[in-house]
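Since every read-out is calculated from the coordinates, none of them should be taken as a lab result. Quick caveat: nothing in here was measured; it's all calculated off a predicted structure. Virtual Cβ from ideal backbone geometry, glycine too; neighbours counted across all protein chains shown.
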């Protein structure tokens with residue numbers, strides 16, 4: 001099965017025309033974006049915003065200040081994000097890594113080569129590929145394509161990839177077929193999430209989808 005750059009760009013153009021820019025990822029600071037990337041697992045962004053508001057109101061929107069909190073207090077602050085005990089552990093693991101390796105200074109990450117930093121992030125317990133890549137792309141402006149369930153679902157339903165494709169293979173497909181452009185990767189991922197949530201659901205709404213027809217490869221314009 002062969003996918004071309006033109007096919008990927010056609011998908012992108014259609015989605016951008018249908019939905020417009022998505023303005024991802026919301027956040028006032030690098031650390032706020034990182035925090036959001038960790039907390040957004042298995043929840044919606046509204047709940048993450050509530051959590052970040054709690055952290056900000058407590059004066060803890062800083063890696064070192066957040067690290068100082070005991071487990072119970074941290075869990076209380078991030079409760080709106082759901083799975084708060086699990087996420088508190090993941091967050092503490094990240095904060096400990098940042099403190100141990102970079103003195104708790106997120107700006108120090110800017111000087112680390114992308115592949116090395118990705119490997120380090122994946123070494124933090126609870127940080128998987130999607131979260132690590134979200135941190136790299138959205139917080140640190142690295143040209144890393146973020147893959148998620150929506151990405152795979154759209155690509156499989158259009159006959160562009162096999163259902164068995166894994167995260168790394170799908171990421172490699174996008175990164176090898178598109179220019180390493182942070183803005184493009186940013187917008188493309190956000191648009192795939194949008195179409196996945198609104199149309200390409202487990203029970204798809206194909207007739208109104210901007211990528212219709214399905215399930216075959218999109219006809220190149």
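Structure above, values below:
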| read-out | value |
| --- | --- |
| Among 130-140, 11-21, the order from most to least packed when residues are scored by Cβ within 10 Å on average | 130-140, 11-21 |
| Kirkwood-Stokes translational diffusion coefficient of the stretch 30-139, alpha-carbon pairs, 25 °C, 0.890 mPa s, µm²/s | 178 |
| Tilt relative to the chain, helix 5-19 - C-alpha long axis, 0 to 90 degrees, to 10 | 70 |
| Cα-Cα pairs of the stretch 88-221 separated by more than 17 Å (percent) | 64 |
| Selected from 159, 111, 36 as most flexible by GNM, with the chain as the system and alpha-carbon contacts under 10 Å | 111 |
